[in-house]
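In what follows, a single structure is set out as structure tokens and then discussed.
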Amino acid sequence: MNNANNALTEAVYYILLALVEPLHGYGIMQRTAALSGGRLVISAGTLYGALSTLLDKGWIEPFGHAAESRKKSYRLTAEGRAVLEAELARLRELVRNGERILGQGASDEPLAPCRYCI
């Protein structure tokens with residue numbers, strides 16, 4: 001996995017988060033809307049394009065057999081979970097830095113010098 005410098009889009013983040021438990025496409029759309037408090041509504045076209053990309057990257061995989069149904073289910077792979085955990089760590093760092101700089105954090109840690117200002 002080489003995702004160290006790649007931020008996930010919000011849609012991909014929520015799709016991966018939704019797939020911690022196996023779901024079919026419509027379930028993913030419902031779960032992402034619920035997780036985001038209704039702020040993120042993913043269209044079918046966006047979802048299926050993202051699912052195709054996530055399958056190619058190995059971050060999700062098909063789950064189960066639905067011979068009697070046209071619904072395809074997916075689940076997060078171990079690599080997908082690692083990507084999701086790395087993104088969560090990246091987001092936590094963003095929040096920590098923002099709180100520290102804006103004075104909302106309880107950190108006495110001095111600011112690091114700007115590497116571009118030297």
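Laboratory data are not the source of any read-out in this text; all were calculated from the coordinates shown. The structure presented is a predicted model; accordingly, all values stated were derived computationally and were not measured. Using ideal geometry, Cβ is built from the backbone for each residue, glycine included, and neighbour counts are taken over all protein chains shown.
Annotations for the structure displayed:
- Modelled spin-label separation between LEU88 and ARG39, with each label point placed 7 Å from Cα along the Cα-to-Cβ direction: 1.8 nm.
- Built amide H within the under 5 Å cut-off of TYR74, gap 5+: LEU23, HIS24, PHE63
- Length added when fully stretched, LEU102-ARG75, from 0.36 nm per residue minus Cα-Cα: 5.9 nm
- Relative packing of 50-56, 18-24, which averages over residues the other C-beta atoms within 10 Å, highest first: 18-24, 50-56
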